[in-house]
Amino acid sequence: MDRSQGRTGGIVTGGASASATFTGNRALQIEEPLIFEMGQAGRTGVDLPEPPKVEDRLNGLRRGGEIGLPGLSEPQVVQHFTRLSQKNYAIDMGVYPLGSCTMKHNPRVNEKVARLAGIGDLHPLQPVSTVQGALELIDRLAHWLKTLTGMPAVAMSPAAGAHGEMCGMMAIAAALEAKGERATRRTVLAPESAHGTNPATAAALGFTVKPIPANDKGRVDLDALKAALGPDVAAIMLTNPNTCGLFESEIIEISTAVHAAGAYFYCDGANFNAIVGRVRPGDLGVDCMHINLHKTFSTPHGGGGPGAGPVVLSQALAPYAPYPWIVKSGDVWTVAEDGATVDGQPLGRLKAFHGQMGMFTRALAYIMSHGADGLKQVAEDAVLSANYVMAALKDTMTPAFDGPCMHEALFDDSFLKDTGVSTLDFAKAMIDEGYHPMTMYFPLVVHGAMLIEPTESQAKEDLDQFIAALKSLAERAKSGTAAEAFKAAPLYSPRRRLDETLAARKPVLRWRPSNNPPGSDPMKQAAE
Ligand SMILES: *Cc1c(COP(=O)(O)O)cnc(C)c1O
């Protein structure tokens, strides 16, 4: 029997997994069907009394058939969700070198504080008199963010970096509106290396995005920028350190030129980890910048929960900060939510309630447990780690640019030239070695890009092993005889390579019993 297509004892073996075992399991990595494919109708983990007979008032709309919920015992449910949780790779499991994402350790003190009853059990609709401490916590975090960035104001409510971009660009749009320039300044400049959210945000607000080329040092081409500046430009959206992992060394010239042209400087602060405690963006002429608390300040992100993207604002943009504003009058904290209670011209609300309280708490715990000196060391160690990786690999792999980097080591794929191995194959082989791949094919300006961000939270010996694994893979690839093996990777993961094109073109978005009769292959079915 071909187990790669089959199902045995409630265990579905994946179509894409070439399994040699009877069960389809790989050692203690257990295959997991969907919960709807498990169990039996009528089985239950709890014993409920018969419901009393009531006359329904559904006017004939009473459900006729079975509800179709899976019937499972309690241990089956517990095992199912525990096994699913083990299929998630996480920063708590090992090196997670995903560049631009700053996947750093979330210290357990953060979690402990976030779970304190007085914080964890808060409800946003509680009377303000009962949440005085929570409002003070938000204000204290706001104070740290303003101090660390050298900016006079901060909007706390945005729920992620991209949401913060939206907030900052809306503040810029509001400021232009107030000056009567909203209709004429319709262009937003963004370097070619920008994170995709930057042009997406500008376009979503109706701006036209104009790309600015990079020079051969991986930085903004200042002459090209100056040539693009004019009375039609609303703002530049620039990441610093940029997505090539490099500090924009002409940042002062850039901000001066942008301001001289009457435009604003939006700084994408996702890479703030590299400079926190060392450089204050306010001193660089930044008008607004989002801070990803889930990157720089270690709160969980990705599948781990919501992020938070507070936006610091210059004096010129501060009046437009969205509701709510946390204000103190006398000894009492209040939440200003309408025009009668604030001095500025808030651009509205970005979100129900006040922001991601759990993330605020974790970020403040992180900041206070490190202190000002510790935060500075965070940036220094993150940069040191990246340069350590860069220096160790620069003769085996090919750095995209000369010279030291900031917090990310960026390689291109020229070391793989003529080997038959692509960046994708290389990344898949890393999985077999027990490493989550680095960011691939981004930034787009670098061919076959591999962007490695080790952060400050990995021990040196773990980085050494990571470096040794990458060296060994690079040498195998360059031997010229391993292309087939690379193309077959990953060998040891629960799933091998998926047909990503098919999954993107014909996604199966809804599970139906008829979609998956026993023995069928969902990937094949999508193709039909
Ligand atoms: C992560 C990131 C963003 C977007 O942040 P989210 O919190 O994921 O929305 C924007 N720009 C850069 C450079 C980033 O790394």
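Would it be correct to say that GLN126 is free of Cβ contacts under 8 Å to residues at least 60 places away in the same chain and over 30 Å from ASP464 (Cα atoms)?
yes
Find the residue count for segment 291-349, including only residues that are open to solvent by 50 Å² or more (accessible area, probe 1.4 Å) and within 14 Å of the ligand (Cβ to nearest atom).
4
It is to be established whether one or more residues within segment 265-274 are more than 14 Å from the ligand (Cβ to nearest atom) and open to solvent by less than 30 Å² (accessible area, probe 1.4 Å).
So far as segment 265-274 goes, yes, one or more of its residues are more than 14 Å from the ligand (Cβ to nearest atom) and open to solvent by less than 30 Å² (accessible area, probe 1.4 Å).
Could you give me the residue pairs with C-beta distances under 7 Å whose first residue belongs to segment 402-420 and is free of Cβ contacts under 8 Å to residues at least 24 places away in the same chain, whose second residue is assigned to a helix (DSSP H, G or I) wherever it lies, and which are 6+ apart or on separate chains?
From segment 402-420, the pairs are PRO404/ASN387.
Inside segment 221-254, can you point out the residues that are over 16 Å from ARG280 (Cα atoms), within 16 Å of the ligand (Cβ to nearest atom) and in a loop (DSSP other than H, G, I, E, B)?
THR243, CYS244, GLY245, LEU246
Among the residues of segment 101-128 satisfying the criterion of being closer than 30 Å to ASP462 by Cα and of a type in the set (S, T, N, Q), which is nearest to the ligand (Cβ to nearest atom)?
Ranking the qualifying residues of segment 101-128, first place goes to THR102.
Restricting the search to segment 198-213, which residues are surrounded by fewer than 22 Cβ atoms within 10 Å (Cβ to Cβ) and either away from the ligand (no atom under 16 Å from the Cβ) or at pLDDT below 95 (or both)?
Within segment 198-213, GLY206, THR208, LYS210, PRO213 meet the criteria.
Please give the number of the condition GLY285 fails out of (1) within 15 Å of the ligand (Cβ to nearest atom); (2) within 23 Å of VAL154 (Cβ to Cβ); (3) open to solvent by 10 Å² or more (accessible area, probe 1.4 Å).
Here GLY285 meets the rest and fails (1).
For every residue, the table says whether it meets (1) free of Cβ contacts under 8 Å to residues at least 24 places away in the same chain; (2) under 30 Å from GLN315 (Cα atoms); (3) more than 24 Å from the chain's Cα centre (by Cα).
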site: GLN79; (1), (2), (3): yes, no, yes
site: PRO97; (1), (2), (3): no, no, no
site: ALA117; (1), (2), (3): yes, no, yes
site: ILE138; (1), (2), (3): no, yes, no
site: MET156; (1), (2), (3): no, yes, no
site: ALA159; (1), (2), (3): no, yes, no
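Each row is one residue, and each column tells you yes or no for (1) among the hydrophobic types (A, V, I, L, M, F, W, C); (2) modelled with pLDDT of 95 or more; (3) touching a Pro at 6+ places or on another chain (Cβ under 7 Å); (4) part of a loop (DSSP other than H, G, I, E, B).
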{"residue": "VAL258", "(1), (2), (3), (4)": "yes, yes, no, no"}
{"residue": "TYR266", "(1), (2), (3), (4)": "no, yes, no, no"}
{"residue": "PHE272", "(1), (2), (3), (4)": "yes, yes, no, no"}
{"residue": "GLY277", "(1), (2), (3), (4)": "no, yes, no, yes"}
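I need the helices (runs of 4 or more DSSP H) fully contained in segment 55-152, keeping only those with at least 2 residues that are under 20 Å from ASN292 (Cα atoms).
108-114, 132-149
Kindly evaluate VAL95 against the criterion of being more than 16 Å from the ligand (Cβ to nearest atom) and within 30 Å of VAL383 (Cβ to Cβ).
So VAL95 fits the description; yes.
The values are calculated or read from the model by the stated rules, or taken from the named source; none is laboratory data. Because the structure is predicted, anything quoted here is derived from the model rather than measured. Glycine gets a Cβ as well: all are built from the backbone with ideal geometry, and neighbour counts include every protein chain shown. Note: areas computed on protein heavy atoms with side chains; ligands, DNA, RNA excluded. Shrake-Rupley method; radii C 1.70, N 1.55, O 1.52, S 1.80 Å.
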